[in-house]
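Colleague: This is the structure I want to talk about, given as structure tokens.
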Amino acid sequence: MAYVQDTLKLDNGGSVFLGLSSTSIRVGDKLKVTPHFRGVAKEDFLCNYVWNLDGSWEKGDFDSTIERVGHTVPEYTWEFVPERPGRYRIAVDIEDSHGRFKGNVERWIIVAGKYGFLRPPVPPADAPTAVLADDVSMIFNIASEQFNSLKEYFIAAAKHELTFKEFRALDHISFEVKRGEAFGLVGTNGSGKSTMLKIIAGVLEPSAGKVNVHGTIAPLIELGAGFDMELTAKENIYLNGALLGYRKDFIDEHFQDIVDFAELDGFMDMPLKNYSSGMVARIAFAIATVTEPDILIVDETLSVGDFLFQQKCERRIKELVESDNVTVLLVSHDISLVERICDRVCWIEKGHMRMIGETDEVCEAYRSLDQD
Ligand SMILES: Nc1ncnc2c1ncn2[C@@H]1O[C@H](COP(=O)(O)OP(=O)(O)OP(=O)(O)O)[C@@H](O)[C@H]1O
């Protein structure tokens with residue numbers, strides 16, 4: 001690994017060199033930091049730091065004075081193993097015995113995710129809009145009484161005895177998602193996330209407000225949506241592909257890619273009703289991402305896949321996000337997945353917009369919900 005050096009000249013004529021084993025590593029990799037000192041006065045102290053660009057200290061013992069250093073200074077090599085992707089400042093400060101800052105040397109490093117992925121910067125404010133949700137509300141009418149059979153229901157309907165109560169699943173939700181952005185929706189069970197995604201996908205019509213969508217959508221919303229369980233997997237690939245707007249010759253051409261990605265060779269002539277939920281998710285994800293849709297919507301569908309397939313899907317989603325062309329809307333209860341993938345996050349709670357902003361900030365607030 002190439003060593004990158006940086007130098008600080010101290011006013012007493014001494015100098016500090018900061019050597020890093022790399023300026024770009026992945027989460028979990030070790031970064032070796034080697035400060036070299038010359039002519040640092042006896043009473044000087046050395047402090048080393050790792051500072052995350054988002055303003056928080058990374059966990060570790062680095063924010064303390066580690067040793068009094070003498071005139072002939074040995075080398076202090078220490079290691080930093082980042083837990084989160086991001087941009088980090090690796091710094092060494094020199095202070096005198098009164099804690100007065102004498103100078104420092106620092107370097108920036110980029111820490112990519114486990115799969116070599118760094119969340120791309122949030123698109124600029126003037127980037128084109130992919131999805132605009134404007135004051136969206138959704139009201140469901142729920143029957144006030146419970147009916148034990150369809151017959152009872154129709155009798156009540158014929159007698160005009162059906163009464164409904166309104167349930168507001170979404171209450172005046174507004175947000176804008178830029179093209180190329182990875183946007184997450186979080187919230188506790190029943191908060192309205194899937195309802196929001198369904199409105200964006202055009203599956204549901206909002207009761208009030210409107211949603212503008214620019215581009216083609218590949219919605220992975222409900223497991224089995226767009227599939228006919230009686231048909232074979234092969235027939236379903238053609239059916240679902242057609243629903244996503246792919247021509248038959250396009251599917252012919254990409255059929256094997258879909259089967260390979262889903263790793264379901266040998267199961268293509270089996271009716272989908274005999275598939276496990278994870279197998280259905282595999283097929284659905286493989287079809288939706290065989291090309292680059294303008295907007296990929298991923299609800300919890302992936303959670304039924306095994307961990308290997310989840311990792312594979314995550315890699316594919318990241319490739320799409322990195323391409324800068326695909327807008328990803330992700331709903332997940334796996335907050336670390338949201339943190340790894342999304343640029344911005346909207347937290348919806350009981351139908352209300354609780355918070356919207358940068359991923360780390362919103363996820364941290366959401367995580368602290370259990371302390372409320
Ligand atoms: N078709 C419907 N008719 C009546 N109520 C509905 C309907 N669809 C959703 N709801 C209600 O709207 C609320 C929001 O549901 P939604 O599925 O959007 O929540 P969610 O945040 O995705 O939840 P989860 O995290 O559990 O998947 C829930 O209380 C749900 O019961």
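The values are calculated or read from the model by the stated rules, or taken from the named source; none is laboratory data. Everything numeric in this text was worked out from a predicted model, so none of it was measured. With ideal geometry, Cβ positions are generated from the backbone for all residues, glycine too; neighbour counts draw on all protein chains shown.
Colleague: Looking at the stretch 287-372, what helices (runs of 4 or more DSSP H) fall wholly within it and have at least 1 residues that are away from the ligand (no atom under 14 Å from the Cβ) and at pLDDT below 85?
Modeller: 307-322
Colleague: Determine which single condition GLU145 fails, assuming it passes every other condition in (1) outside any strand (DSSP E or B); (2) under 23 Å from the mean Cα position of the chain (by Cα); (3) within 16 Å of the ligand (Cβ to nearest atom).
Modeller: Failing condition for GLU145: (2).
Colleague: Residue by residue through the stretch 191-203, note down the ones that are more than 21 Å from the chain's Cα centre (by Cα) and more than 12 Å from the ligand (Cβ to nearest atom).
Modeller: The one that is more than 21 Å from the chain's Cα centre (by Cα) and more than 12 Å from the ligand (Cβ to nearest atom): GLY202.
Colleague: Now, a different point. Hey, among the residues in the stretch 148-190 that are away from the ligand (no atom under 16 Å from the Cβ) and of a type in the set (Val, Ile, Thr), which one's surrounded by the most Cβ atoms within 10 Å (Cβ to Cβ)?
Modeller: VAL177
Colleague: Of the conditions (1) touching a residue at least 12 places away in the same chain (Cβ under 8 Å); (2) within 15 Å of the ligand (Cβ to nearest atom); (3) more than 21 Å from the chain's Cα centre (by Cα), ASP134 clears all except one; give me its number.
Modeller: (2)
Colleague: Could you identify the single residue in PRO206, PRO219 that is assigned to a strand (DSSP E or B) and within 16 Å of the ligand (Cβ to nearest atom)?
Modeller: From the options PRO206, PRO219, the qualifying one is PRO219.
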